[in-house]
Amino acid sequence: MLINNFFGHLKTVNRHRRQVMIHCFKAGIPWRGLTHDLSKYSPTEFIPGVLYYQGSRSPNEREREVDGYSRAWMHHKGRNRHHFEYWTDYSTKTKRLEPVRMPDVYIYEMFCDRVAASKIYNKENYTDSMPLEYFLRAKPRRVIEKYTAEKLEFLLRMLSEKGEDEVFRYMRRSLRGKSR
């Protein structure tokens, strides 16, 4: 069973990274695609990925159910700037940990990541509305900076209503002239 989990998890990670890479190239952020999720190959993330592999959802979900938290996720979100959870800092005003605005390039990578994950886990049942539906289900519980949330939702709605080509065209145009 463990050997099947090993190869199943490796295949899922590789397929996901490949799909994100394709999306990032289309979005005009090739470097983000090439370097996306490399931490998933680290022992801290890969070993729990194998141990908690199920094939139909993130192993981090199962790790949380079993252990009460996901060490792999905490490692991952702390090293990958395309996760809004990475973008927190102590506010000088509130003296509390608060979400901060993500740069657009990482919001675009986050979009690519979410769409790729929906495609990988939903396989042939995938539709362009699924990433938006997933986002909206957790919206009331999510702690995310306002601009970041609005921009991501805007992109996911555009995907649902107009398709990938339109979203990627929008991203490429918006990044022209900006330093990344």
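The values are calculated or read from the model by the stated rules, or taken from the named source; none is laboratory data. Being a predicted model, the structure only gives us computed values, none of them experimental. Note that each Cβ is placed from the backbone with ideal geometry, even for glycine, and that neighbours are counted across all protein chains shown. Calculation scope for accessible area: heavy atoms of the full protein, side chains included, ligands and nucleic acids excluded. Shrake-Rupley method; radii C 1.70, N 1.55, O 1.52, S 1.80 Å.
Computed quantities for the displayed model
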quantity	calculated
Mean shadow area of segment 6-75, taken as a quarter of the surface of its Cα convex hull (nm²)	4.6 nm²
From the C-alpha gyration tensor of segment 49-97, square roots of 5λ in Å	28, 12, 8
J(HN,Hα) series, segment 82-94, from Karplus relation 6.51 cos²θ - 1.76 cosθ + 1.60, nearest Hz, glycine and proline x	8, 9, 4, 5, 5, 8, 10, 7, 7, 7, 6, 7, 8
Estimated [θ] at 222 nm from DSSP helical runs (n ≥ 4, -39500 (n - 2.57)) normalised by residues in the chain, nearest 500	-20000 deg cm²/dmol
Placed amide H near THR88: partners under 5 Å, 5+ positions off or other chain	VAL100
Length gained when the stretch ARG173-ARG57 is fully extended (0.36 nm per residue, less Cα-Cα span)	38.4 nm
Whole-Hz couplings from phi, Karplus 6.51/-1.76/1.60, listed for segment 15-28; x for Gly and Pro	5, 4, 4, 4, 5, 4, 4, 4, 5, 5, 4, 5, 7, x
Heavy-atom accessible surface of the chain: percent carbon and sulfur, 1.4 Å	53 percent
Paired Rg and Dmax values of segment 52-132, which use every Cα atom, in angstrom	15.2, 48
Quarter of the Cα convex hull surface for segment 99-148, i.e. its orientation-mean projected area (nm²)	3.7 nm²
Probe 1.4 Å - accessible area at ASP165, Å² to nearest ten	110 Å²
Potential extension, SER160-ARG96 segment - 0.36 nm per residue separation minus Cα distance	19.5 nm
Cα-projected label distance for GLU153 with ASN125, points at 7 Å along beta-carbon direction, nm	2.6 nm
Mean shadow area of segment 123-180 over all directions, Cα convex hull, nm²	5.2 nm²
Which listed pairs, of LYS95/LYS139; LYS26/LYS162; LYS11/LYS151, have C-alpha distances above 27 Å, in listed order	LYS11/LYS151
Candidates per chymotrypsin sites (Phe, Trp or Tyr not before Pro) in segment 73-173, loop by DSSP, up to 14 other Cβ within 10 Å	TYR126
Pair-distance profile P(r), taking every C-alpha pair of the chain, with 10 angstrom steps and integer %	9, 35, 38, 16, 2, 0
Accessible surface, segment 36-155, averaged per residue in Å² (probe 1.4 Å)	56 Å²
